Amino acid sequence: MLRVWGRRSSFNVQKVMWLIGELGLAHQHIDAGGSFGGLDAPAFLAMNPHGRVLVIAEDDAVVWESHTILRYLAARHGGGFGSDDPVARAHVEGWMDWSQTSLQPDFLGGIFWGFYRTPEAQRNWRAINAARS
């Protein structure tokens, strides 16, 4: 069975869980990281020597890093997400990488965390406005 280590509040975990849902894969979610801890346990470090979530294990495969996991799941389980056509695959992977390099830092790093998760008195309006433009 596919096992997933991470906390559901993580953007990277959410990306992988979304694909798992789209593919209809049976899985076990294991809370790890943040307030759940467990990242310094020897068993976890054996899976990911960086001691960070997100990690999945399936059969004899252990995979870490969200985009690597997405590519692995698409290649292994298909469902239209994994393609042998390099042009089609590049189109999907371009959006995936854009989310990591543009959406996540600008929206999540600047707007979401800067505005929604920061108390009003502590907000850095210059950074929030810069992320909006």
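The values are calculated or read from the model by the stated rules, or taken from the named source; none is laboratory data. Here the structure is a predicted model, which means the values were calculated and not measured. Positions of Cβ are backbone-derived with ideal geometry, glycine not excepted, and every protein chain shown enters the neighbour counts.
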If we scan region 15-23, do we find a residue that is within 18 Å of Gln100 (Cα to Cα) and of a type in the set (Phe, Trp, Tyr)?
yes
Looking at Ile69, is it part of a helix (DSSP H, G or I), at pLDDT 90 or above, of a type outside the set (Lys, Arg) and in contact with a helix residue (DSSP H, G or I) (Cβ under 8 Å, 6 or more places away or on another chain)?
yes
Might you let me know whether region 26-48 holds any residue that is at pLDDT below 95 and under 20 Å from Trp95 (Cα atoms)?
no
In region 51-66, what residues are free of Cβ contacts under 8 Å to residues at least 24 places away in the same chain and in a loop (DSSP other than H, G, I, E, B)?
Gly51, Arg52, Asp59, Asp60, Glu65
Step by step: first the residues of region 84-127, then only those that are among the β-branched types (Val, Ile, Thr), in a helix (DSSP H, G or I) and modelled with pLDDT of 65 or more, then the one that is nearest to Leu70 (Cα to Cα). Which residue is that?
Val92
Enumerate the pairs (first residue in region 2-21 and polar (S, T, N, Q); second residue anywhere and part of a helix (DSSP H, G or I)) with beta-carbon separation below 8 Å, excluding pairs fewer than 6 apart on the same chain, so at least 6 apart or on different chains.
Ser9/Gly34; Ser10/Gly34; Asn12/Ser66
I want to confirm something. Restricting to region 1-25 and keeping residues that are assigned to a loop (DSSP other than H, G, I, E, B) and under 14 Å from the mean Cα position of the chain (by Cα), which single residue is surrounded by the most Cβ atoms within 10 Å (Cβ to Cβ)?
Gly6
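Looking only at region 39-53, which residues are touching a strand residue (DSSP E or B) at 6+ places or on another chain (Cβ under 8 Å) and exposed (fewer than 15 other Cβ atoms within 10 Å of the Cβ)?
His50
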